[in-house]
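K.L.:
Handing you a structure now.
The values are calculated or read from the model by the stated rules, or taken from the named source; none is laboratory data. All figures in this text were calculated on a predicted structure; none of them were measured in a lab. Here the Cβ positions follow ideal geometry from the backbone for every residue, glycine too, while neighbour counts run over all protein chains shown. Note: accessible area is taken over every heavy atom of the protein model, side chains too, but ligands, DNA and RNA are not part of it. Shrake-Rupley method; radii C 1.70, N 1.55, O 1.52, S 1.80 Å.
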Amino acid sequence: MNAVETFQLAKYYGNGRIKALEDFSLMVPQGMIFSLLGPNGAGKTTLIKLLLGICFPTRGEAKILGKDIQDYTVHKNIGYLPENHRFPDFLTAQQILHSYGKLGGVSSAELRHKIPNLLALVRLKEWGNVKIRKYSKGMLQRLGIAQALINAPDLLFLDEPTDGIDPVGRREVRDILLELRNQGRTIFLNSHMLSEVERVSDEIAILKNGELIERGNVQQFISIEHTYQIRVKDGRSALPAILKKLEIEGNVKNGSYVVSVTDEQQLNHLVDKIREQKMTIQAIIPYKISLEDFFIQVLGDSQ
Amino acid sequence: MTMISKIYALIQITFRESFAKKTFMAFFGISTLICLLFMFALNLDIVDGVKSSISLFGKETGELIDIEEVIFKIESAVAVLLFSGGLFMSLFATSGLIPSLMRQGNVDLLISKPLGRFHILLGRYLGAVAIVAFNVFYLVIFSWLILSFKTGFWHGGFLLAGIMIIITFAILYALMTLLGVVTRSGAFSLMITYLILFFSPLLLQRDQIYALLTGRIWGVILDGLYHFLPKTSELGNITRLLVQGEPVSSWTALWTSLIFGIIMLTTSTYIFSRKNF
């Protein structure tokens, strides 16, 4: 059973004038972190809203955890953190988790031990009895994550989860997501923080103007075949001559040489030549571009 | 976990939201003041269990009055205060509840929970009715207990009046719910609801304005509006009769107004269930 399945899903607003999503078909297996990327207005939030029944598709079908999206009972196993969520500011974090936990179908007995644990997880333990109108944006966001986890969901939809969170908090969110993934839960992530997405995601999909333009494994996208980053300790000046002799393309990037070889044999040949020159090789790393570079490249190609 | 406990959680959120607003605190404060007034400032000097002399803030009326009549008058005054001022304040204080429910970031979170849109709206509606019922019954029950203990005259009609006030609010709030769902504007919903609340006495007297109308069609429209809209003026009259222990000759105004409320609530649910957020 897939966590998410969509078939030719489409959404138009304004009596069909504004296209938000067009014939979108996707399958997301369970137990992975899947990220949606795209520029503003690409249809990322619309897709999540369609899947959760917050808005209705113009045409097409979709299932979450094997059930039709019209069936709200499946929401019992789902957690959701909307972008720009608004919790009632007259409540404390404990009251919010209790109320939303109840709405999520969690019993009072379960909530009694879950709430302190979740508050500790998102570093709000000391703030549990403070009205949230006194919270900073990062604290509200962390509370939102705790709220999304209150029913121990199998499938988690997070819309910009690290928005407003400081670097330490972002790292903690990342660790939480990876831990959840390791527990077999599925995370559907929507984020502009490409460096975060790159670090946690197993697969990504890129949307543009409501259409799916790329989908696949993150590592495959950012790795460039037969391209390596070589760092040598001394005699760096001799390296260009070796590359020229072997007819290998190479250029300096951040103090290392990025070389493109035809195959692994040529790479080994290059290593032999470097060693012959008594140079110390510090590292040979398969070269990767950043997800941001890949994202911009894909968007550029699609124009 | 039953659906009832989820709706109860929604009612609880609405209840807390309402109490976080100053208007309900003011309502609660006024009710407490009235109760304290009855408790400490009103002195009912019972003679032979039937007659009494009355003093308020120590100033006596100087003549013997029928105690039953006095109780009816005091209870009627409280009922009138609740039916006019209480309803006015309650509608004002709850006008923002539906638009705030439908705010982005709130409604989407609620829809993502395992409960239907019907339940979400119903929970909000019942939450608003519950907070008003709490305030109304706080005043009605406590003033009734104080007056009854002081006089030994236990008259249940006043409690029924409390129920009538809640029903009237529930009917008018159903209209406000529909307007809130359609327009997402608390101010607009409140304006239209006040208009209907104050239009009711005019419609009741429509026989007297037929002659002023330019065409028969206007008469038909007025008749139609009278039959369709909630008859708050007549509901007020029923409340008065209940307080005074007089028989109510016709309950038509109540059940036709209830039908209006049900239609408004059903339509609200239908629209809310099909809305894109």
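K.L.:
Across segment A:11-21, what is the total count of residues that are more than 14 Å from every other protein chain (Cβ to nearest Cβ) and free of Cβ contacts under 8 Å to residues at least 12 places away in the same chain? I'd like the intermediate steps shown before the answer.
P.N.:
In the first step, residues of segment A:11-21 are kept if they are more than 14 Å from every other protein chain (Cβ to nearest Cβ); the result is A:17, A:19.
If we keep only those that are free of Cβ contacts under 8 Å to residues at least 12 places away in the same chain as well, we get A:17.
Selection size over segment A:11-21: 1.
K.L.:
Pairs please, first residue from segment B:37-49 and open to solvent by less than 60 Å² (accessible area, probe 1.4 Å), second anywhere and among the basic types (Lys, Arg) and modelled with pLDDT of 60 or more, Cβ atoms under 8 Å, 6+ apart in sequence or on different chains.
P.N.:
From segment B:37-49, the pairs are B:38/B:150; B:42/B:150; B:44/B:150.
K.L.:
Based on what the data block shows, is residue A:24 away from chain B (no Cβ under 14 Å), open to solvent by 40 Å² or more (accessible area, probe 1.4 Å) and among the aromatic types (Phe, Trp, Tyr)? Can you show your working first?
P.N.:
Details: away from chain B (no Cβ under 14 Å): yes; open to solvent by 40 Å² or more (accessible area, probe 1.4 Å): no; among the aromatic types (Phe, Trp, Tyr): yes.
No, not satisfied.
K.L.:
Condition first: in contact with a helix residue (DSSP H, G or I) (Cβ under 7 Å, 6 or more places away or on another chain) and either basic (Lys, Arg) or within 16 Å of residue A:214 (Cα to Cα) (or both). Now tell me which residues in segment A:1-38 satisfy that.
P.N.:
Result: A:11, A:21, A:24, A:35, A:36, A:37, A:38.
K.L.:
Of all the helices (runs of 4 or more DSSP H) wholly in segment B:61-143, which have at least 3 residues that are within 14 Å of chain A (Cβ to nearest Cβ) and open to solvent by less than 20 Å² (accessible area, probe 1.4 Å)? So that I can check it myself, show each step before the final result.
P.N.:
On the way: elements: B:67-81, B:87-94, B:97-101, B:107-111.
The helices (runs of 4 or more DSSP H) meeting that bar are B:97-101, B:107-111.
K.L.:
Sort out for me the helices (runs of 4 or more DSSP H) sitting completely within segment B:170-244 that have 3 or more residues that are under 23 Å from residue B:133 (Cα atoms) and β-branched (Val, Ile, Thr). I'd like the intermediate steps shown before the answer.
P.N.:
Numbers: elements: B:186-204, B:216-228, B:232-243.
The helices (runs of 4 or more DSSP H) meeting that bar are B:186-204, B:232-243.
K.L.:
Tell me which residues, restricted to segment A:153-188, are within 24 Å of residue A:65 (Cβ to Cβ) and aliphatic (A, V, I, L, M).
P.N.:
Matches in segment A:153-188: A:155, A:156, A:158, A:173, A:176, A:177, A:178, A:180, A:187.
K.L.:
With respect to the numbered conditions (1) in contact with a Ser or Thr (Cβ under 8 Å, 6 or more places away or on another chain); (2) open to solvent by less than 10 Å² (accessible area, probe 1.4 Å), which one is the sole condition not fulfilled by residue B:196?
P.N.:
(2)
K.L.:
Criterion first (among the hydroxyl-bearing types (Ser, Thr, Tyr), over 30 Å from residue B:153 (Cα atoms) and touching a residue at least 60 places away in the same chain (Cβ under 8 Å)) does residue B:200 satisfy it? Steps first, please.
P.N.:
Working: among the hydroxyl-bearing types (Ser, Thr, Tyr): yes; over 30 Å from residue B:153 (Cα atoms): yes; touching a residue at least 60 places away in the same chain (Cβ under 8 Å): no.
Judged against the criteria, residue B:200 is not a match.
K.L.:
If you take the residues in segment A:167-194 that are without any contact (Cβ under 8 Å) to a residue 40 or more places away in the chain and basic (Lys, Arg), which one is most open to solvent (accessible area, probe 1.4 Å)?
P.N.:
A:171
K.L.:
Name the single residue, out of those in segment B:15-32 being closer than 13 Å to residue A:95 by Cβ and touching a residue at least 60 places away in the same chain (Cβ under 8 Å), that is farthest from the other protein chains (Cβ to nearest Cβ). Walk me through it before giving the result.
P.N.:
First, pick out the residues of segment B:15-32 that are closer than 13 Å to residue A:95 by Cβ: B:15-17, B:19-20.
When the remaining residues are screened for being touching a residue at least 60 places away in the same chain (Cβ under 8 Å), the result is B:15, B:17, B:19.
Working: B:15: 11, B:17: 6, B:19: 8 Å.
The residue in question is B:15.
K.L.:
Tell me, yes or no, whether segment B:75-95 has at least one residue that is under 30 Å from residue A:77 (Cβ atoms) and out of contact with any helix residue (DSSP H, G or I) (no Cβ under 6 Å at 6 or more places or on another chain). Reasoning before the result, please.
P.N.:
Step one: list which residues in segment B:75-95 are under 30 Å from residue A:77 (Cβ atoms), which gives none.
Among the residues of segment B:75-95, not one is under 30 Å from residue A:77 (Cβ atoms) and out of contact with any helix residue (DSSP H, G or I) (no Cβ under 6 Å at 6 or more places or on another chain), which makes the answer no.
K.L.:
Would you mind stating whether residue A:81 is among the hydrophobic types (A, V, I, L, M, F, W, C), within 10 Å of another protein chain (Cβ to nearest Cβ) and touching a strand residue (DSSP E or B) at 6+ places or on another chain (Cβ under 7 Å)? Full working, then the answer.
P.N.:
Numbers: among the hydrophobic types (A, V, I, L, M, F, W, C): yes; within 10 Å of another protein chain (Cβ to nearest Cβ): yes; touching a strand residue (DSSP E or B) at 6+ places or on another chain (Cβ under 7 Å): yes.
So residue A:81 passes the test.
K.L.:
Here's something else I'd like to know. Would you point out the residue of segment A:89-107, among those that are within 28 Å of the chain's Cα centre (by Cα) and facing chain B (nearest Cβ under 8 Å), that is farthest from residue B:127 (Cα to Cα)?
P.N.:
Selected residue: A:106.
K.L.:
Those residues that are modelled with pLDDT of 95 or more and over 16 Å from residue B:85 (Cα atoms), I need them from segment B:156-176; list them, please.
P.N.:
Listed by number, the residues that qualify are B:171, B:174, B:175, B:176.
K.L.:
Give the residue that is least open to solvent (accessible area, probe 1.4 Å), with candidates limited to residues of segment B:245-277 that are in a loop (DSSP other than H, G, I, E, B) and within 14 Å of chain A (Cβ to nearest Cβ).
P.N.:
Our first condition is that a residue be in a loop (DSSP other than H, G, I, E, B); within segment B:245-277, this holds for B:245-251, B:274-277.
Then drop every residue that is not within 14 Å of chain A (Cβ to nearest Cβ), which leaves B:274-277.
Numbers: B:274: 140, B:275: 40, B:276: 60, B:277: 14 Å².
Among those that are in a loop (DSSP other than H, G, I, E, B) and within 14 Å of chain A (Cβ to nearest Cβ), it is B:277.
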